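Have a look at the structure below, then the notes.
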Amino acid sequence: GGQDYFGYKNHVCVDSKSKLIKNFEVTAANVHDSNVLAELCDTHEPVFDDSAYVGKSVPEGCKHYTARRAYRNTPL
C-alpha cells in the first residue's frame with residue numbers, strides 16, 4: 001500500500017468450469033480490483049475472491065466465497 005503505479009491493470013472474470021475468460025475490463029493501475037467487480041460478474045453465479053473484496057459490492061444474487069489466509073502447518 002501507499003505506492004504509486006503507472007500503467008494499466010486487467011480485471012478478469014473466468015468461468016470456473018471451462019477456465020475461459022468470460023469478461024474483462026482494463027483500467028488505470030490505481031483502480032482497486034473491488035471497484036470493477038460488479039461490472040465483471042454475472043448475476044446468480046458464484047464469485048470467488050480474496051480478502052480484498054470483503055465488504056465490497058457483489059452483484060445481487062451472487063453467492064460470495066472469500067479465500068482465507070493459509071498458515072504453515074495447518075491444513076487448507
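The values are calculated or read from the model by the stated rules, or taken from the named source; none is laboratory data. As the structure is a prediction and not an experimental result, all values here were calculated from the model. All Cβ positions, even for glycine, are placed from backbone atoms using ideal geometry, and neighbour counts span all protein chains on display.
Cβ-Cβ distances below 7 Å connect the following pairs, each with a first residue in region 36-52 that is closer than 19 Å to Val26 by Cβ and of a type outside the set (D, E, K, R), a second residue that is at pLDDT below 75 and in a helix (DSSP H, G or I), and a separation of six or more residues or different chains: Leu37/Tyr53. Of the candidates Val12, Val31, the single residue that is closer than 24 Å to Arg68 by Cα and not in a strand (DSSP E or B) is Val31. Just for region 19-52: of the residues that are polar (S, T, N, Q) and under 19 Å from Lys63 (Cα atoms), which one is modelled with the highest pLDDT? Once the filter is applied, the top-ranked residue is Asn23.
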